[in-house]
Amino acid sequence: MQTETNQSEALRKSLFYERVNGYDRLSPEERDAMEAYCAGYRRYLDAGKTERECVTATVALARAAGFQPYVRGMSLKPGARVYRVNREKSVMLAVIGMQNLEAGLNIAASHLDCPRLDLKPNPLYESEELALLKTHYYGGLRKYQWVGIPLELRGVVIRKDGSAVPVSIGSDPEDPIFAISDLLPHLATEQNKLPLGEAFSGEHLNILAGSRPYEGEPCPERVKLTVLALLNRKYAIREEDFLSAELTAVPAFSARETGFDRSLLSAYGQDDRVCAYAALTALFSLDLPSRTALCMLADKEEVGSEGVSGMQSAAFDTFVEDLCEGQGVAPRVCLERSFCLSADVTAAFDPNYPEVFERRNSALLNYGLSLTKYTGSRGKRAASDAAAELVASVRRILDDAGVIWQMNYLGKVDVGGSGTVAKFMADRNIDTLDAGVPLLSMHAPYETSSKLDCYMTFRGIQAIFERKM
Ligand code: MN
Ligand code: MN
């Protein structure tokens, strides 16, 4: 009887797929490497809170890692490290492989843009002797989360003569910050009856920007005048210059360790700078890869990857074509043999909201890099669905490299859905698989990830870059 039990137990062990907490597999050396990696990731998060700032921070890191700007026609030897910035908002970096580009590329594609509150083109106004800024939210955010929290103002003003004025107010402890007022509970009886999605409208998201009347002879809109006078003194701009500006309000929180055990990280903008940093540092770690490795950090993912700096833009194709031309390779041949890891975050199972998840198929914090075979919603609509063959080859590569990973499916069927840049890569005839870091509070002003998952995403992308697919 005892033997039978042992046999069935042994059979169960050999046949069942059981997920294991990553900490049960993490070596002490990996633990140290994970902490060092996450310290660098936190610095990257604090350095960039807009896609423009992230591009600047990325280029600085790339230059320090031996990358140089790509110039069309440049001859590139195996091991060459180049980058191209697309309109200050997106960046592509490559390490040239030993094989010709006919063998295809290994690509990791992430995005640098995040949900935020953009200032409208004519934002500044005075109401009841207070100065305020009108905003238009960017990306899928829950409006109630953005009131009553400290905000920074970041971005750029381009004067009519083309000169640029970078703006970053709120990150220095000596700086002022900004805020959006919220209704006090004492007067919220009627608002509390409204559905959450209706209680806060876009036109409520007006940012407090000042209250001191201009000192001088009486005139209309003295508070607004004070603000404009300050802006003119500091930046040499006038109200009209807002028309050609990209200014955005972002949460005034820095990246912090979370929990008694410091195992988690909370920060603004982890979707998708967590995967961007992983892809970037994985690329930096390469010396002489077999296939050329390309790290694509796109803009505009949160609004559908549209526009000249989004993943649908031909800027990516142009870069690939330029690299191919340098080797006399047809780009279509390169693309059809390429592989892309669409490195983007997914939802981690949240014990506060188990009702929207199907636990068997949900990503769990600390279970490692999360692969997503398909995204989309309802009948897998708008999904990029990676072929089983592709998933099998990635399983093999990750296991061979000792990467801790898990398979994931976002939420319950018909509860919602999501998308990434994956389908735009697949549309280009590139085999593509979604993979990334599971987050709690995705798209909130403060998102939470696990250090283990962040580090394993770096290790997973590194394994993909290093292996011949
Ligand atoms: Mn994302
Ligand atoms: Mn997102």
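Can you name the residue in the stretch 71-90 that is β-branched (V, I, T) and surrounded by 14 or more Cβ atoms within 10 Å (Cβ to Cβ) and, of all such residues, is farthest from F284 (Cα to Cα)? Here the answer is V85. Here the stretch 163-174 is the region considered, the condition is being open to solvent by less than 50 Å² (accessible area, probe 1.4 Å) and in a loop (DSSP other than H, G, I, E, B), and the residue that is farthest from ligand 1 (Cβ to nearest atom) is S163.
Per the conditions (1) closer than 18 Å to V82 by Cβ; (2) surrounded by fewer than 24 Cβ atoms within 10 Å (Cβ to Cβ); (3) within 16 Å of ligand 1 (Cβ to nearest atom), the sole criterion not satisfied by M296 is (2). Within the stretch 314-335, the set of residues being in contact with a strand residue (DSSP E or B) (Cβ under 9 Å, 6 or more places away or on another chain) and under 25 Å from A387 (Cα atoms) comprises F316, V320, C334, L335.
Here the condition is being closer than 19 Å to V227 by Cα and open to solvent by less than 10 Å² (accessible area, probe 1.4 Å); of L124, L119, it holds for L124 alone.
Suppose the filter is among the small types (G, A, S) and out of contact with any Cys (no Cβ under 9 Å at 6 or more places or on another chain); does G436 pass it? The answer is no for G436. Listed by position, the helices (runs of 4 or more DSSP H) inside the stretch 360-469 whose residues that are touching an Asp or Glu at 6+ places or on another chain (Cβ under 6 Å) number at least 1 are 388-400, 422-426.
Here R72, R81, R42, R52 are screened, and the one residue that is closer than 25 Å to G326 by Cα, within 24 Å of the chain's Cα centre (by Cα) and assigned by TED's automatic domain parsing to the domain that holds V329 is R81. Exactly one condition in (1) among the aliphatic types (A, V, I, L, M); (2) out of contact with any Lys or Arg (no Cβ under 7 Å at 6 or more places or on another chain); (3) more than 30 Å from L365 (Cβ to Cβ); (4) in a helix (DSSP H, G or I) is false for L247; which is it? All conditions pass for L247, except number (4). The condition of being open to solvent by less than 10 Å² (accessible area, probe 1.4 Å), within 14 Å of ligand 1 (Cβ to nearest atom), out of contact with any Lys or Arg (no Cβ under 7 Å at 6 or more places or on another chain) and under 15 Å from M425 (Cβ atoms) holds for only one of S342, S338, that being S342. Each residue in the stretch 1-37 was checked for being farther than 19 Å from S449 by Cβ, assigned to a helix (DSSP H, G or I) and of a type in the set (A, V, I, L, M, F, W, C), and 3 of them qualify.
On the stretch given as the stretch 143-162, residues that are surrounded by 15 or more Cβ atoms within 10 Å (Cβ to Cβ) and not hydrophobic (A, V, I, L, M, F, W, C) total 6. For K423, the criteria (1) within 16 Å of ligand 2 (Cβ to nearest atom); (2) among the charged types (D, E, K, R); (3) more than 26 Å from S313 (Cβ to Cβ) hold in every case but one, which is (3).
Among the residues making up the stretch 392-405, those that are over 23 Å from the mean Cα position of the chain (by Cα) and surrounded by 14 or more Cβ atoms within 10 Å (Cβ to Cβ) are S393, I397, A401.
The values are calculated or read from the model by the stated rules, or taken from the named source; none is laboratory data. Keep in mind that this is a model prediction, so the values were computed, not measured. Cβ: placed from backbone, ideal geometry, glycine included. Neighbour counts: every protein chain shown. To get the accessible areas, we keep the full protein, side chains included, count just its heavy atoms, and leave off ligands, DNA and RNA. Shrake-Rupley method; radii C 1.70, N 1.55, O 1.52, S 1.80 Å.
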